[in-house]
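The values are calculated or read from the model by the stated rules, or taken from the named source; none is laboratory data. As the structure is a prediction and not an experimental result, all values here were calculated from the model. Here the Cβ positions follow ideal geometry from the backbone for every residue, glycine too, while neighbour counts run over all protein chains shown. To get the accessible areas, we keep the full protein, side chains included, count just its heavy atoms, and leave off ligands, DNA and RNA. Shrake-Rupley method; radii C 1.70, N 1.55, O 1.52, S 1.80 Å.
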Amino acid sequence: MKRCVALGSCLTARGTLDVRAHRVLRALEVTLESDTDRLSAADGRGTLVVANHVSWLDIVGLLAVEPVSMLAKREVSNWPWLGRLARDSGTLFVDRWALRTLPGLVATIAARLRQGHTVAVFPEATTWCSAPGGRFRHAVFQAALDAGAPVRPVTLEYLQDGEPSTVAAFVGEDSLARSLRRVCGARALRLRVRAHGLLEPEGDRAGLAARARDAVLAAEPACSSY
């Protein structure tokens, strides 16, 4: 209950997106471990960030490292506190990769990348609690190729007592309320963010997606149960 009350105060708090994301993590007593303080390319190029997808907390963790634009399912826009954080980050809300919208979505992402923005995507398009996860959908990688933008693979991992944990996993028929209660009751939960080397926009989108997936999953261990 104490964590939920603290989380509620984050709704009205002001500050940059990364500061607000850090406040959310602190309210939930989730420790962030990151091996980098930026996800975008150091030379200022727009960057496509791609990560494995475990939980709604993934969005908060990435924003805490760097205030990037996100690609998320449309339902997220209406979620309490997280929806506001996502909207303020300039999130592109989509109807779960609906085929009819893909060409326009790819064009929009490519345009943002050309403008020097960094866009973070979960190319599995759904959450997985363990390796090997799902396949990386190819469409968003076409945006990187069209824009000549590098790809930053990122591995997200949740741990308790140094061991992989699924306490934050948000899969199947789980609800946000149940998942939030688990996180609020979790002991010593840590979110580890590991950024891998940039992949240049070369080859075709299938090959680029495969290289990104290899980089992400090579560092992702299987989860234990909560």
Among Asp18, Asp35, the single one that is at pLDDT 85 or above and exposed (fewer than 13 other Cβ atoms within 10 Å of the Cβ) is Asp35
All but one of (1) at pLDDT 80 or above; (2) touching an Asp or Glu at 6+ places or on another chain (Cβ under 9 Å) hold for Val68; which doesn't? (2)
Given Leu198, Leu191, which one is in contact with a helix residue (DSSP H, G or I) (Cβ under 7 Å, 6 or more places away or on another chain), hydrophobic (A, V, I, L, M, F, W, C) and at pLDDT 95 or above? Leu191
Options Leu85, Leu102, Leu32; residue that is on the phi < 0 side of the Ramachandran plot, touching a Gly at 6+ places or on another chain (Cβ under 7 Å), in contact (Cβ under 8 Å) with a residue 24 or more places away in the chain and not in a loop (DSSP other than H, G, I, E, B): Leu32
How about the range 38-76: which of its residues are touching a residue at least 60 places away in the same chain (Cβ under 8 Å), open to solvent by 20 Å² or more (accessible area, probe 1.4 Å) and more than 21 Å from Arg112 (Cα to Cα)? His53
State whether one or more residues within the range 174-187 are polar (S, T, N, Q), out of contact with any Ser or Thr (no Cβ under 8 Å at 6 or more places or on another chain) and crowded, with 18+ Cβ neighbours inside 10 Å. no
